[in-house]
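Worksheet: the structure to be examined is printed underneath.
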Amino acid sequence: MTSKPSESNLHSSEISAGSRRYPAQGRRWEDSVEQQIAEARERGEFDNLRGKGHPLRLDSNPFAKDKALAYSLLKNNHIAPPEIERGKEIDEDLKQAEALITRLRLQRDTLARRHAIFESERRSYRLLVASTEQRYREMLTEINRRILSLNISTPPDFHRRRIDIESKMRAFHSEFPPLLPDKGG
(Lines give C-alpha, C1' and ligand atoms only; values in the text may rest on other atoms or scores of the structure.)
Protein backbone atom coordinates (compact mmCIF):
# COMPACT_ATOMS: atom_id res chain seq x y z
CA MET A 1 0.00 0.00 0.00
CA THR A 2 1.42 3.33 -1.05
CA SER A 3 0.60 6.26 1.11
CA LYS A 4 0.54 9.87 0.21
CA PRO A 5 3.92 11.39 1.02
CA SER A 6 3.92 13.68 3.97
CA GLU A 7 5.95 16.82 3.99
CA SER A 8 8.56 15.07 6.17
CA ASN A 9 9.06 12.26 3.55
CA LEU A 10 9.91 14.69 0.77
CA HIS A 11 13.46 15.49 -0.15
CA SER A 12 14.40 19.15 0.00
CA SER A 13 14.53 19.18 -3.80
CA GLU A 14 10.94 17.92 -4.31
CA ILE A 15 7.49 19.38 -3.99
CA SER A 16 4.27 17.45 -3.42
CA ALA A 17 1.20 17.64 -5.65
CA GLY A 18 -1.39 15.16 -4.49
CA SER A 19 0.08 11.65 -4.64
CA ARG A 20 2.91 12.60 -7.05
CA ARG A 21 6.29 14.08 -6.30
CA TYR A 22 7.81 16.58 -8.72
CA PRO A 23 11.32 17.96 -8.78
CA ALA A 24 11.68 21.43 -7.40
CA GLN A 25 12.75 24.20 -9.70
CA GLY A 26 16.38 23.99 -10.78
CA ARG A 27 16.58 20.18 -10.64
CA ARG A 28 16.59 18.13 -13.80
CA TRP A 29 13.62 15.87 -14.40
CA GLU A 30 15.87 12.94 -15.34
CA ASP A 31 17.71 13.22 -11.99
CA SER A 32 14.43 13.00 -10.11
CA VAL A 33 13.32 9.95 -12.13
CA GLU A 34 16.64 8.21 -11.56
CA GLN A 35 16.38 8.94 -7.84
CA GLN A 36 12.85 7.52 -7.67
CA ILE A 37 13.96 4.37 -9.50
CA ALA A 38 16.89 3.93 -7.11
CA GLU A 39 14.59 4.36 -4.10
CA ALA A 40 12.10 1.80 -5.51
CA ARG A 41 14.98 -0.64 -6.12
CA GLU A 42 16.14 -0.19 -2.51
CA ARG A 43 12.61 -0.89 -1.25
CA GLY A 44 12.60 -4.11 -3.31
CA GLU A 45 9.75 -3.11 -5.63
CA PHE A 46 11.54 -4.67 -8.64
CA ASP A 47 12.43 -7.97 -6.93
CA ASN A 48 9.43 -10.10 -7.97
CA LEU A 49 8.59 -8.83 -11.43
CA ARG A 50 7.18 -11.28 -13.98
CA GLY A 51 9.91 -12.45 -16.37
CA LYS A 52 12.79 -11.56 -14.05
CA GLY A 53 16.00 -13.19 -15.26
CA HIS A 54 14.69 -13.80 -18.79
CA PRO A 55 15.50 -11.77 -21.92
CA LEU A 56 12.99 -9.18 -23.00
CA ARG A 57 10.86 -10.11 -26.01
CA LEU A 58 11.15 -7.20 -28.39
CA ASP A 59 9.46 -8.85 -31.36
CA SER A 60 6.66 -6.37 -31.73
CA ASN A 61 7.31 -3.39 -33.96
CA PRO A 62 4.96 -0.50 -33.20
CA PHE A 63 5.90 1.16 -36.49
CA ALA A 64 4.99 -1.81 -38.70
CA LYS A 65 1.22 -1.27 -38.34
CA ASP A 66 -0.57 -3.13 -41.15
CA LYS A 67 2.70 -4.71 -42.36
CA ALA A 68 3.51 -6.37 -39.01
CA LEU A 69 2.72 -9.91 -40.19
CA ALA A 70 4.72 -9.46 -43.39
CA TYR A 71 7.74 -8.08 -41.51
CA SER A 72 7.49 -10.92 -38.99
CA LEU A 73 7.52 -13.52 -41.78
CA LEU A 74 10.47 -11.82 -43.46
CA LYS A 75 12.41 -11.66 -40.19
CA ASN A 76 11.71 -15.28 -39.29
CA ASN A 77 12.99 -16.35 -42.73
CA HIS A 78 16.06 -14.09 -42.57
CA ILE A 79 14.89 -11.88 -45.41
CA ALA A 80 14.96 -8.10 -45.29
CA PRO A 81 12.00 -5.96 -46.38
CA PRO A 82 12.00 -5.05 -50.09
CA GLU A 83 13.18 -1.47 -49.50
CA ILE A 84 16.19 -2.74 -47.54
CA GLU A 85 16.96 -5.35 -50.21
CA ARG A 86 16.81 -2.67 -52.93
CA GLY A 87 19.18 -0.51 -50.91
CA LYS A 88 21.62 -3.42 -50.59
CA GLU A 89 21.43 -4.04 -54.34
CA ILE A 90 22.21 -0.37 -55.01
CA ASP A 91 25.18 -0.56 -52.63
CA GLU A 92 26.45 -3.63 -54.46
CA ASP A 93 26.05 -1.89 -57.85
CA LEU A 94 28.02 1.10 -56.53
CA LYS A 95 30.81 -1.25 -55.40
CA GLN A 96 30.90 -2.86 -58.85
CA ALA A 97 31.14 0.55 -60.54
CA GLU A 98 33.97 1.51 -58.22
CA ALA A 99 35.70 -1.83 -58.89
CA LEU A 100 35.59 -1.03 -62.62
CA ILE A 101 37.45 2.23 -61.95
CA THR A 102 39.88 0.49 -59.61
CA ARG A 103 40.82 -2.01 -62.34
CA LEU A 104 41.42 0.83 -64.80
CA ARG A 105 43.59 2.66 -62.23
CA LEU A 106 45.64 -0.50 -61.75
CA GLN A 107 46.19 -0.81 -65.51
CA ARG A 108 47.12 2.89 -65.79
CA ASP A 109 49.54 2.71 -62.86
CA THR A 110 51.15 -0.46 -64.21
CA LEU A 111 51.82 1.22 -67.54
CA ALA A 112 53.00 4.44 -65.88
CA ARG A 113 55.69 2.57 -63.92
CA ARG A 114 57.22 1.14 -67.07
CA HIS A 115 60.05 2.99 -68.79
CA ALA A 116 59.03 2.17 -72.34
CA ILE A 117 55.47 1.70 -73.51
CA PHE A 118 54.83 0.18 -76.91
CA GLU A 119 52.32 1.79 -79.25
CA SER A 120 50.19 -1.37 -79.14
CA GLU A 121 49.99 -0.99 -75.34
CA ARG A 122 48.93 2.65 -75.73
CA ARG A 123 46.27 1.64 -78.22
CA SER A 124 45.07 -1.12 -75.91
CA TYR A 125 44.96 1.30 -72.97
CA ARG A 126 43.01 3.89 -75.01
CA LEU A 127 40.46 1.20 -75.96
CA LEU A 128 40.25 0.10 -72.33
CA VAL A 129 39.64 3.69 -71.19
CA ALA A 130 36.95 4.18 -73.85
CA SER A 131 35.16 0.91 -73.04
CA THR A 132 35.44 1.52 -69.28
CA GLU A 133 34.07 5.05 -69.72
CA GLN A 134 31.06 3.73 -71.62
CA ARG A 135 30.45 0.89 -69.16
CA TYR A 136 30.90 3.23 -66.14
CA ARG A 137 28.35 5.70 -67.55
CA GLU A 138 25.90 2.84 -68.22
CA MET A 139 26.36 1.51 -64.69
CA LEU A 140 25.81 4.95 -63.12
CA THR A 141 22.70 5.47 -65.26
CA GLU A 142 21.31 2.11 -64.16
CA ILE A 143 22.11 2.88 -60.51
CA ASN A 144 20.28 6.19 -60.81
CA ARG A 145 17.29 4.36 -62.29
CA ARG A 146 17.30 2.00 -59.31
CA ILE A 147 17.64 4.89 -56.86
CA LEU A 148 14.68 6.64 -58.47
CA SER A 149 12.64 3.44 -58.22
CA LEU A 150 13.61 3.09 -54.56
CA ASN A 151 12.73 6.71 -53.81
CA ILE A 152 9.31 6.40 -55.47
CA SER A 153 8.36 3.24 -53.61
CA THR A 154 9.70 3.84 -50.10
CA PRO A 155 9.19 6.26 -47.20
CA PRO A 156 11.48 9.31 -47.13
CA ASP A 157 13.77 7.74 -44.51
CA PHE A 158 14.92 5.24 -47.16
CA HIS A 159 15.44 7.78 -49.96
CA ARG A 160 18.85 8.15 -51.54
CA ARG A 161 20.43 11.00 -53.40
CA ARG A 162 20.84 10.35 -57.11
CA ILE A 163 24.34 10.27 -58.54
CA ASP A 164 25.53 13.34 -60.44
CA ILE A 165 26.67 11.41 -63.49
CA GLU A 166 28.15 14.39 -65.31
CA SER A 167 30.27 15.26 -62.29
CA LYS A 168 31.45 11.65 -62.05
CA MET A 169 32.30 11.62 -65.75
CA ARG A 170 34.27 14.89 -65.45
CA ALA A 171 36.26 13.27 -62.63
CA PHE A 172 36.75 10.19 -64.82
CA HIS A 173 38.12 12.28 -67.73
CA SER A 174 40.38 14.19 -65.36
CA GLU A 175 41.80 11.01 -63.86
CA PHE A 176 42.05 9.08 -67.14
CA PRO A 177 43.09 11.40 -69.95
CA PRO A 178 42.68 9.92 -73.43
CA LEU A 179 46.42 9.42 -74.02
CA LEU A 180 49.21 8.38 -71.71
CA PRO A 181 52.08 10.86 -71.79
CA ASP A 182 55.14 9.56 -73.60
CA LYS A 183 58.11 8.93 -71.32
CA GLY A 184 60.50 9.88 -74.05
CA GLY A 185 61.29 6.54 -75.52
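Laid out as a table, the results:
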| item | result |
| --- | --- |
| Selection status of R27, among the basic types (K, R) and modelled with pLDDT under 80 | yes |
| A99 being at pLDDT 90 or above, assigned to a helix (DSSP H, G or I), over 22 Å from S149 (Cα atoms) and not polar (S, T, N, Q) | yes |
| So A112, is it in a loop (DSSP other than H, G, I, E, B), farther than 30 Å from A80 by Cβ and in contact (Cβ under 8 Å) with a residue 24 or more places away in the chain | no |
| Whichever residue in the range 129-174 is within 19 Å of the chain's Cα centre (by Cα) and charged (D, E, K, R) and, among such residues, is nearest to R86 (Cα to Cα) | R146 |
| Test: residue in the range 119-128 that is exposed (fewer than 12 other Cβ atoms within 10 Å of the Cβ), of a type in the set (A, V, I, L, M) and more than 30 Å from K67 (Cα to Cα) | yes |
| Given (1) touching a Phe, Trp or Tyr at 6+ places or on another chain (Cβ under 9 Å); (2) modelled with pLDDT under 65; (3) of a type in the set (D, E), index of the condition E7 fails | (1) |
| Candidate set: the range 141-170, residues that are of a type in the set (A, V, I, L, M, F, W, C) and out of contact with any Leu (no Cβ under 9 Å at 6 or more places or on another chain); chosen: the one farthest from K88 (Cα to Cα) | I152 |
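The values are calculated or read from the model by the stated rules, or taken from the named source; none is laboratory data. From a predicted model like this one, the values you see are computed outputs, not experimental measurements. Using ideal geometry, Cβ is built from the backbone for each residue, glycine included, and neighbour counts are taken over all protein chains shown.
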